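One structure is given here, and the rest of the page talks about it.
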Amino acid sequence: MARLEFGSLEKDILKMLKTSQSKKEVSDEIDKAVLGNVRFSGDGGLSHTPEEAADKLIEVLKSEIETASIPDNVKDAIRDHIVHDKPYKIGDNEYSIHVYWDVDLSRPSLNPNSEDLRDLAELYNTGVNHEMRQIFGMWHGKRIGSRTVIPGTHFMEIALGNFMSAYSDEYGVEAITYTREQ
């Protein structure tokens, strides 16, 4: 009959846990457990994953786009293509999730030399006043030019503010940073 000695088993386990592969496997398993059910302090016992927080942010952003003074065809283009990546760890119990548009929202009428405007979402968020290159075309038999003045609705800033004031405690979100992709 085989005999198992705890002291010997403990030494073998500790030796195994010191290997780089074991450290990585343990870290990955801890990340999986944390990502699957993140419990944040001050949330009244509710648990949400980082993905659920990103989904709620997208829901708030879509709602703000829907109520903003934006043409319907533009609303459809920017509202229906907001997605998020999987979260990645940036610290102890801290995660970041990239929320973005999964389609190309660039337009030829935007000034290619402008640092202020790069795509349709930014155009209607920040607005523009004579910084766009006017494009001409035919419309119902008449040559017309594109608009060069579009008021900004600031839907992104409003949505981020609405999310933080209504849901940050519930979802354990400390900050949302708006950055532009280069």
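Annotations for the structure displayed:
- Near the amide H of Val128, within less than 5 Å, lie the amide hydrogens of Ile150, Gly152, all on another chain or at least 5 residues away, with H placed in the peptide plane.
- For Lys18, the lysines whose Cα falls under 28 Å of its own Cα, not counting residues fewer than eight places away in the same chain, are Lys32, Lys89.
- Three-way shape label, region 47-105, alpha-carbon gyration tensor, a/c 1.5: prolate
- Whole-Hz couplings from phi, Karplus 6.51/-1.76/1.60, listed for region 63-74; x for Gly and Pro: 5, 5, 4, 4, 8, 6, 7, 10, x, 4, 5, 6
Just so you know, all these numbers are worked out from the coordinates, no wet-lab data involved. Note that the structure is a prediction, hence the values are computed from the model and not measured.
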